[in-house]
Amino acid sequence: MSRNKAAVDEGTAARSIVNDDGLRQFLGYHMKRAYSVLKSDLTKSLEPLGLRITTYSSLILIVDNPGIRQSELARNLDIERPNMVVILDELEQRGWVNRERVESDRRSYALFATLSGRQVCEKAITIDRAHEARLFQGLKDAQIKTLIAVLNNVERQVGE
């Protein structure tokens, strides 16, 4: 084995046993680690439908809020407006969303889910529910409600 290959193998082994106790004292680090697991699993789960987390999130909000404006959607999902355009282009090309000009403001578009968009959204929600049931199977309903309340509280605190 070459010297460089040994160094790379040693470096890879060192990364796999890194002590992260210093970071584990912070709640945010635990939240990040948990989110990484959730995101990875949901990404794999939605892949057969051709959805990514951002396109899925966008589609749900459009289905639940017919006529939502692009700018409102971008703001709600905390996505830069140019990136939102790319996401909406993808949803529109797949035939899941229509954009219609807002009569009172010709610069704005209202967003509407098509029938096939609503159908794929329903399938994705079913997949997401199964994904969450699998990942949170050890938690009781009361624990889940408490977790949601804590996370909502964190969100409110930051938003103030």
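Worth pointing out:
- About the Cα centre, charge dipole magnitude for the chain (Lys/Arg +1, Asp/Glu -1 at Cβ), debye: 220
- The lysine pair tally for segment 3-159, using Cα distances under 21 Å and a gap of 8 or more places or different chains, is 5.
- Each of SER40, SER108 has some number of other Cβ atoms within 10 Å of its Cβ, and from fewest to most they run SER40, SER108.
- Shown is the FRET efficiency for THR146 and THR126, computed with R0 = 22 Å from the Cβ-Cβ distance and rounded to the nearest 0.05: 0.30.
- The phi torsions of segment 44-53, fed into the Karplus equation with coefficients 6.51, -1.76 and 1.60 and a -60° offset, translate into couplings of 5, 5, 7, 3, x, 8, x, 10, 9, 4 Hz, rounded to whole numbers, with Gly and Pro shown as x.
- Which labelled figure in (i) 63, 37, 29; (ii) 66, 47, 32; (iii) 55, 33, 29 is Cα extents along the principal axes in Å, once derived from the coordinates: (ii)
- 5 angstrom amide H check on ALA110, placed H, neighbours 5+ away: GLU100, ARG101, VAL102
- From least to most packed, judged by other beta carbons within 10 angstrom and beginning with the fewest, SER71, SER58 follow the order SER71, SER58.
- Per-residue 3J(HN,Hα) values for segment 124-134, derived from phi via the Karplus relation 6.51 cos²θ - 1.76 cosθ + 1.60 with θ = phi - 60°, read 5, 5, 4, 5, 5, 4, 5, 4, 5, 4, 5 Hz in sequence order (x marks Gly and Pro).
- Global geometry of segment 97-160, whether rounded, prolate or oblate, following the gyration tensor of its Cα atoms and the 1.5 cut on a/c: oblate
- The relative contact order of the chain comes to 20 percent, based on Cα pairs under 8 Å that sit 6 or more residues apart.
- Helix-only mean residue ellipticity at 222 nm for the chain, each DSSP H run of n ≥ 4 adding -39500 (n - 2.57), per residue, nearest 500: -22500 deg cm²/dmol
- Exposure proxy shown here: for THR126, THR43, THR114, the number of other Cβ atoms within 10 Å sets the order, fewest to most, as THR126, THR43, THR114.
Values in this text are rule-based calculations from the coordinates and carry no lab data. It should be emphasised that the depicted structure is a prediction, and the values quoted were computed from it without experimental measurement. So basically every Cβ, Gly included, is an ideal-geometry build from the backbone, and we count neighbours across all protein chains shown.
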